[in-house]
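These notes concern the structure reproduced below.
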Amino acid sequence: ENFLQKTSAPFSTNSYDAFISPNTLNLTSFSKLMKKLQEIHPEASRDKIVDALLEVRKNNKGILSGLSINSIVERTSVIL
């Protein structure tokens, strides 16, 4: 019983940390990306920008990670 208590607590903490950090970073990057795109394309609605971002992701094998924010902005701007 003591063994389970000692091993499960650190594991839970590490899993929680690993789970929260990427989501927080992704949300921050997404917010920066949206702000930048809305500044460049004030005529485009938020939904239209998100649709363009989804298209960029689709054209990039279904992922955006690995692309710089500037690259994503450029590719999204071409679509918009």
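The values are calculated or read from the model by the stated rules, or taken from the named source; none is laboratory data. As the structure is a prediction and not an experimental result, all values here were calculated from the model. Here the Cβ positions follow ideal geometry from the backbone for every residue, glycine too, while neighbour counts run over all protein chains shown. Surface areas here come from the heavy atoms of the whole protein model, side chains and all, with no ligands, DNA or RNA. Shrake-Rupley method; radii C 1.70, N 1.55, O 1.52, S 1.80 Å.
May I ask you to list pairs of residues, at least six apart or on different chains, whose Cβ atoms are under 7 Å apart, with the first in region 34-62 being free of Cβ contacts under 8 Å to residues at least 60 places away in the same chain and under 12 Å from residue 72 (Cα atoms) and the second being among the hydrophobic types (A, V, I, L, M, F, W, C) and open to solvent by 80 Å² or more (accessible area, probe 1.4 Å)?
Sorted first by the residue in region 34-62, then by its partner, the pairs are 57/63.
State whether the residues of region 40-57 include one that is at pLDDT below 85, under 14 Å from the mean Cα position of the chain (by Cα) and among the hydrophobic types (A, V, I, L, M, F, W, C).
no
Regarding region 13-28, can at least one residue be identified that is surrounded by fewer than 10 Cβ atoms within 10 Å (Cβ to Cβ) and at pLDDT 90 or above?
There is no residue in region 13-28 that is surrounded by fewer than 10 Cβ atoms within 10 Å (Cβ to Cβ) and at pLDDT 90 or above.
Select from region 28-73 the residues that are hydrophobic (A, V, I, L, M, F, W, C), part of a loop (DSSP other than H, G, I, E, B) and out of contact with any helix residue (DSSP H, G or I) (no Cβ under 6 Å at 6 or more places or on another chain) and list them in ascending order.
Listed by number, the residues that qualify are 44, 63, 67.
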